[in-house]
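Notes follow once the structure below has been shown.
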Amino acid sequence: VFETTIRILGGLLSAFHLSRDVGLLTKAVQLGEMLMPAFNTSLGVALPNLMIPKDLPVE
C-alpha cells in the first residue's frame with residue numbers, strides 16, 4: 001500500500017499538477033478510493049497489503 005501510494009498515486013497527482021489533465025485527477029481519485037480500506041484500521045496505520053479485485057471495470 002505504501003509503495004502504491006507514493007509511486008502510483010503520487011505520480012498521478014504530480015502529472016495532473018503539471019498537465020492539468022482532469023483525466024489524471026479522476027484516475028488518482030479512483031485509485032485513492034480503492035486504497036481507502038487499507039487505512040481503515042483500529043490503529044490508524046495502513047495495512048501493508050491490500051487485495052484489489054482484477055475484474056474491476058476501467059472507466
| field | Crossing angle, helix 10-19 versus the chain [Cα axis fit, 0-90 degrees, rounded to tens] | value | 20 degrees
| remark: Helix-only [θ] at 222 nm, the chain, -39500 (n - 2.57) per DSSP H run of 4+, per residue, nearest 500, equals -15500 deg cm²/dmol
| query | Most mobile of Leu12, Leu25, Leu43 per a Gaussian network model of the chain (Cα springs, under 10 Å)? | reply | Leu43
| note | Surrounding charge for Ala46, neighbours by C-beta under 15 angstrom, Lys/Arg +1, Asp/Glu -1, total -1
| In a solvent-free Debye calculation with one equal scatterer on each Cα, what is log10 I(q)/I(0) for the chain at q = 0.16, 0.17 Å⁻¹, listed in the order of the q values? | -0.55, -0.61
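Read-outs: derived from the displayed coordinates by stated rules, not from any lab. Quick caveat, the model's predicted, so the values are computed rather than measured. Note that each Cβ is placed from the backbone with ideal geometry, even for glycine, and that neighbours are counted across all protein chains shown.
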